[in-house]
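Asker: What follows is a structure written as structure tokens; I'll ask about it next.
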Amino acid sequence: MVVHFIARLNNIDADAMQGYQQPTATSIAAFKGRYLTSSDTITTLEGKPDCQRIVLLEFPDKKHAMDWYKSGLYAPLLAQRIAATDSHFILVE
């Protein structure tokens, strides 16, 4: 069953995020995942706006998603993102 990661990012340090996107995309593809969107253009229809950027990733199943998230390939990129943003990262099944 297809699963999705949703990342909601705030307080993004653009300098600290340099060099993040391309290797992250490569690491996602290595686990059969793909970016669906990464956008700063967000229209809030209900509630209060709560993030500056939304990232939506798709994986074929939970195992591939979790293997990617916990992988050595993604680990340094995860540390970079955590240091450079305030983020809320969730998996939706």
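Asker: Any idea how many residues of the range 59-77 are surrounded by 13 or more Cβ atoms within 10 Å (Cβ to Cβ), closer than 24 Å to residue 13 by Cβ and out of contact with any Ser or Thr (no Cβ under 9 Å at 6 or more places or on another chain)?
Answerer: The number of residues fulfilling the criteria is 1.
Asker: In the range 46-74, what residues are under 13 Å from the mean Cα position of the chain (by Cα) and assigned to a helix (DSSP H, G or I)?
Answerer: Listed by number, the residues that qualify are 65, 66, 68, 69.
Asker: Can you list residue pairs whose Cβ atoms sit under 9 Å apart, with the first residue in the range 78-93 being more than 13 Å from residue 17 (Cβ to Cβ) and the second being of a type in the set (Lys, Arg)? Count only pairs 6 or more apart in sequence or on different chains.
Answerer: Matching pairs, first to second residue: 88/8; 89/8; 89/81; 90/8; 91/62; 93/62.
Residues checked against (1) under 18 Å from residue 90 (Cα atoms); (2) surrounded by 15 or more Cβ atoms within 10 Å (Cβ to Cβ):
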site: 16; (1), (2): no, no
site: 33; (1), (2): yes, yes
site: 36; (1), (2): yes, no
site: 41; (1), (2): no, no
site: 48; (1), (2): no, no
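Asker: Let me ask something else. Residue under question is residue 16, and the condition is that it be among the small types (Gly, Ala, Ser) and under 11 Å from the mean Cα position of the chain (by Cα); does it hold?
Answerer: no
Bear in mind that the values in this text are calculations on the coordinates, not laboratory data. Just so we're clear, the structure is a prediction, and the values are computed from it rather than from any experiment. No Cβ is skipped: glycine too gets one built from the backbone with ideal geometry, and neighbour counts run over all protein chains shown.
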